[in-house]
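Here is the structure we will look at.
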Amino acid sequence: MVSRYCVNSLSWSNAQRHPCPLLSYSSCKSSSVKSFPVLASATIAISETQGSDFLHVNRVQPKVISSEGDVINNLDKLKENARRFLMTASNPTTRMKLVDMIQRLGLGYMFEEEIKTILQTLVHGQPDDDLYTTALRFRVLRNNDLHPSPDVFGAFMDANGKFDESLAEDIEGLLSLYEASYLGANGEHVLSQAKEFTTTHLKNSVSRLTQTLREKVMQSFELPRHMRMARLETRRYIEEYGNDIDHTPLLLELAKLEYNQVQSLHQMEIGELRRWWRHLGLASKLPFARDRPLECFLWTVGLLPEPKYSTIRIELAKTISILLVIDDIFDTYGTYDDLMLFTKAIQRWDLEEIEQLPEYMKICYMALYNTTNEICFVVRKHHGLSVLPYLRKTWIDIVEAFMVEVEWVKRGHPPNLKEYIDNGVTSAGTYMALVHIFFLIGEGVTHENMRYLLHSYPHFFSDAGKILRLWDDLGTSKEEQERGDVASSIQLLMQEKNITSDEDGRKQIMQLIQTSWKGLNEALVAPNIFPLSIIKVALNMSRASQVVYQHDDDNSYFSSVDVHTRSLFFTPIDM
């Protein structure tokens, strides 16, 4: 979420914004919606300009097309019909496909209990299940807090423990197994073998596939389903599903209506965030600070896509907005002595400390102090928890990580790769965001995991942070590297391993990312003192990192964010 490393006149610049050619969501451009209300108080427009304030939220005149009540009534009827459709499907494979389809269409939260009931009946496969069905069941079950063993794929292996070469002609089965392999955890060698086997045979088959199947294979190569950001993937899949001649009109209509309904909710949330940001006044009082609340909100939708998390998205967007301002203070504006004072003030968390700070730091300190206390009030009100020590710790950790980076620059002593990544996980805002979300959700909070957070962070937090940090570094432009501005994980790895090829360095960074993904996947299946809800948020953080930071050589990070915000928040889907 936060990219770093240029402090005042010092030369340590950040490894920013990455160009890996992944699955593009920029083609999702439906322009108008029929029979759907646009809420007058929530209509927002995006500025075309770029720069420190490239995303503004400005009020425009809404076009109200129909009443909100009509839409809600229609939505309720469609939900009930879809529920009956789901529960009356008799064939096990058909029911599994329906669950997968409904979740990809963004409707899973509407039918949580029904899906749980169905999946409990599908835990055990049938002896005659083919590769496609077995892999689909594995992926869907593991995505839904059930823990199938990779041993189910033993039926498709030969006497030597290798996948049977006769499977090479089963393209649908190979693709299903390829997708399932990305849910592999540490030590699940069968899934690593499955990934290698399917990748080889799918690549060899691409040239002779039908156009539709070839597109599916290439999309999976570019970005496997397990790594896609939920709401962006929902939009993309709705349009793909609508072009399928076998689609179910009932589900398609419900998915479109739900998407537009949630988009309207997001507009209301953005309106509230906009009012808070203007009232806070940081952008007007601190002209050096980044004015990008909409970008911050995009991250919150990536982490918390379900409509029920509306309040949490708003509160989280506030913290990320303030984090960007603090990052700018350390990155471009603060002197070394001022930064030391600011760090000590955060460590002591005492309003008397602000008297020692310069005026611009006082403004930022008060914004952080008050916003954190407001979030503590929200948590206490909804969950009865006193969480100030935990939230305060995350901010102390962040500014201390920022100071570590400042010291690296001041002393001219770049870190080794491990130091860089470990510190970068903290300075990127990983722990701050996940701890705030954990308490704002308030689910599965125990004395045990609260005590743990006072002293450390769970491994899956760190894995999500590593993925965030490394994807950010993969976005370093070639021009920045040629200027010698950047000392990122890529360059540090190349130096430590005597790698001369930038391409080889990037490949090894990708391997580190895959290792962290296995750690995240392990949290899905291993015993954990933290609840599944926060594990899923960590997974979503990694998905958002991969998608938000992706852009091709002709586009920047800001262009990528602009495309995604337009698609998610301001361009409804045609009904």
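Things worth noting here:
- Answer residue from the range 182-193, given it is within 23 Å of the chain's Cα centre (by Cα) and either assigned by TED's automatic domain parsing to the domain that holds Ala523 or not small (Gly, Ala, Ser) (or both) and is farthest from Val525 (Cα to Cα) among those: Tyr182
- Gly106 being within 30 Å of Ser166 (Cα to Cα), in contact (Cβ under 8 Å) with a residue 24 or more places away in the chain and either aromatic (Phe, Trp, Tyr) or touching a Pro at 6+ places or on another chain (Cβ under 9 Å) (or both): no
- The range 143-170 residues that are free of Cβ contacts under 8 Å to residues at least 24 places away in the same chain and of a type in the set (D, E, K, R), paired with ones that are assigned to a helix (DSSP H, G or I) and buried (at least 16 other Cβ atoms within 10 Å of the Cβ) (beta carbon under 8 Å, 6 or more apart): Asp164/Phe156
- Among the residues making up the range 315-329, those that are among the hydrophobic types (A, V, I, L, M, F, W, C) and out of contact with any Leu (no Cβ under 6 Å at 6 or more places or on another chain) are Leu316, Ile320, Leu323, Leu324, Ile326, Ile329.
- Here Ile314 meets each of (1) in the same structural domain as Thr394 (by TED's automatic domain parsing); (2) surrounded by fewer than 22 Cβ atoms within 10 Å (Cβ to Cβ); (3) farther than 22 Å from Val548 by Cα with one exception, condition (3).
- Looking across Phe342, Phe288, Phe330, Phe297, one residue alone is assigned by TED's automatic domain parsing to the domain that holds Val409, surrounded by fewer than 21 Cβ atoms within 10 Å (Cβ to Cβ) and not polar (S, T, N, Q). It is Phe288.
- Verdict on Tyr365 being farther than 22 Å from Leu454 by Cα, of a type in the set (Ser, Thr, Tyr) and without any contact (Cβ under 8 Å) to a residue 40 or more places away in the chain: yes
- Any pair with Cβ under 8 angstrom, 6 or more apart, that starts in the range 194-207 at a residue that is outside the structural domain of Lys162 (by TED's automatic domain parsing) and ends at one that is surrounded by fewer than 21 Cβ atoms within 10 Å (Cβ to Cβ) and not small (Gly, Ala, Ser): none
- Test for Ser533: is it out of contact with any Cys (no Cβ under 9 Å at 6 or more places or on another chain), farther than 20 Å from Gly187 by Cβ, polar (S, T, N, Q) and at pLDDT 95 or above: yes
- Within the range 120-147, being at pLDDT 95 or above and more than 20 Å from the chain's Cα centre (by Cα) holds for Asp130, Leu131, Tyr132, Thr133, Thr134, Ala135, Leu136, Arg137, Phe138, Leu141.
- Taken together, the residues in the range 443-493 that are of a type in the set (S, T, N, Q), over 30 Å from Lys536 (Cβ atoms) and either surrounded by fewer than 18 Cβ atoms within 10 Å (Cβ to Cβ) or at pLDDT below 90 (or both) amount to 2.
- Qualifying helices (runs of 4 or more DSSP H) (wholly inside the range 283-386; at least 3 residues being among the β-branched types (Val, Ile, Thr)): 310-328, 359-383
The values are calculated or read from the model by the stated rules, or taken from the named source; none is laboratory data. Because the structure is a prediction, the values reported are computed rather than measured. Neighbour counts are summed over all protein chains in view; Cβ atoms, including those assigned to glycine, are modelled from backbone coordinates with ideal geometry.
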